[in-house]
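These notes concern the structure reproduced below.
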Amino acid sequence: MTSREGSLDAPIRHPLDWRNPEFFDQGALDTELERVFDICHTCRRCVSLCGAFPTLFDLIDESKSGELDTVAKSDYVKVVDQCYLCDVCYMTKCPYVPPHPWNVDFPHLMLRAKAVKFRDGDVKFRDKLLSSTDRLGKFATIPVVVQMVNKANTMPAARAVMETTLGIAAATALPPYAAERFRAHAEPSVAWPVRDGERTPGKVAIFATCYVNYNEPGIGHDLLKLLHHNEIPYRLVEKEACCGMPKLELGDLAAVEALKDINIPPLAKLAREGFAILTAVPSCTLMFKQELPLMFPDDADVRAVADAMFDPFEYLVLRDRDGYIKKNFPQPLGHVSYHIPCHARVQNVGQKTREALQWVPGTTLNTVERCAGHDGTWGVKKEFFAESMRIGKPVFARMNEDDPDYVSSDCPIAGRRIMQGIEDKSGPSRARREHPLTLLRIAYGLD
Ligand code: SF4
Ligand code: SF4
């Protein structure tokens, strides 16, 4: 075995070998966990990233021999439960990722362990419920139900019951549901001429996402306004279900495949017709760009969708380089605290949102690139809420520096958690929490 540290070669990601029966074999999994945990024990670079690594190192340091050999294999799950699959250890820290012969892919090893747990039925009703974002959203946005759900989510007595019965932390601020779904009320596009650029297709298809459709439709409407203002024709994807990221995080790979089978055919058709596909939630974009291609490496439709998928600011900045973005911004934004969430960082497209916000005169940016601790549904769970707030604490402090006018994150859920962290510590803030797409719409002076 080599002892070479790091690699001069570009990292590569191996497909997830989940069709192989060995993937689900507990003995084979334990052997691989032991191998990788031992490498991490001697390395320890990732200690500050999340709770998974400190949990592992504490288990080792408090064991009889002070080495991994005296850590009970039954305790490995404690490490697995602390991982929320942000991918940051793989993408930004680890020198032993492939093609290094040590072949460390910590997030995908955690995913494999979660998949085995799920196969064994070791999963709470709460986790199945929270990861069914589409079903929850459809139910919670029914007229009358929506008012009841939103009321219950802010009532301390109801939240105490939810914590006891479901294990959803009473102290976590839950996003309200919208009375009007985005997809039902999206303005149709003007039939602008299609101007394909060198870097960007001239027409856009919008994958709404569960969060935008059911919780914050305003973000979707703002994206449409930005496209309209820049004379880019758009359409909604005809039919969509959840992207599958919440099910992936649960280890329910069969559910991911079922959702893929709903989403990919219409998306692949649009990709082949030359549309750029945009989603306004980084985790959903990442699901299509990275996770589905790694789960289905031989599926040409999945590949076509991944190639057509853009983060919305990646699209706008490249569109600007193609010469098709209007740069007249009558409305300064003042002081903006902007957070780059993990699932935007690991897309490897650079800081495109930051670049676009810098187009706006009279705007100063305080950019914070660090995990805010919410991480999908992980941070709302009773047993992880306190750890999640601890992880986010440095981000909350940095985002509140210099009395910002706006607090903004590409991940709308992280943005909510950051506001909660700021206000829990310092009381009501005068800063407005707005998505970067909304900020750009404001800067353009659009209603
Ligand atoms: S993927 Fe994220 S949460 Fe999981 S171990 Fe790596 S840094 Fe921690
Ligand atoms: S994931 Fe890589 S960088 Fe992080 S502790 Fe393990 S070996 Fe070290």
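Taken together, the values in this text are just the output of simple stated rules run on the coordinates, not laboratory data. The model shown is predicted, which means the values in this text are computed figures rather than measured ones. Don't worry about glycine lacking a Cβ; one is built from the backbone with ideal geometry, like all the others, and counts go over all protein chains shown.
Numbers below:
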quantity: Sorted peptide list for 254-260, 339-345, 358-364, criterion being average Cβ within 10 angstrom, highest first; calculated: 339-345, 254-260, 358-364
quantity: Kirkwood hydrodynamic radius over Cα pairs of segment 186-295, then Stokes diffusion coefficient at 20 °C and 1.002 mPa s, in µm²/s; calculated: 147 µm²/s
quantity: Given charges at beta-carbon only (K, R positive; D, E negative), |dipole| of the chain in Debye; calculated: 1100 debye
quantity: Percent of C-alpha pairs per 10 Å bin, segment 185-229, short to long; calculated: 24, 49, 24, 3
quantity: Gyration tensor (Cα) of segment 1-110, equivalent ellipsoid semi-axes in angstrom; calculated: 21, 17, 14
quantity: Separation in nanometres of the label points that stand 7 Å from Cα toward Cβ, at ALA28 and ALA173; calculated: 4.6 nm
quantity: Top positive-direction residue, dipole computed over the chain with Cβ charges, set THR279, ASN328, THR31; calculated: ASN328
quantity: Two-decimal ratio, the chain, of alpha-carbon radius of gyration to 2.2 N^0.38 Å; calculated: 0.98
quantity: Ranked packing of 94-103, 402-411, most packed first, by mean Cβ within 10 Å; calculated: 402-411, 94-103
quantity: DSSP-defined beta bridges in the chain - what % are antiparallel, rounded to 5; calculated: 5 percent
quantity: Which of LEU130, ILE442, LEU111, positive extreme of dipole for the chain (C-beta unit charges); calculated: ILE442
quantity: Mean projected area in nm² (Cα convex hull; one quarter of hull surface) for segment 129-171; calculated: 3.0 nm²
quantity: Euclidean distance between Cα centres, segment 384-441 to segment 124-150, Å; calculated: 24 Å
quantity: The chain: relative contact order as a whole-number percent, Cα under 8 Å and 6+ apart; calculated: 14 percent
quantity: Size of electric dipole in segment 333-406: Cβ of Lys, Arg +1 and of Asp, Glu -1, about Cα centre, debye, nearest 20; calculated: 280 debye
quantity: Burial ranking of peptide ranges 130-138, 280-288, 148-156, 412-420 (average Cβ count within 10 Å, highest at the top); calculated: 280-288, 412-420, 130-138, 148-156
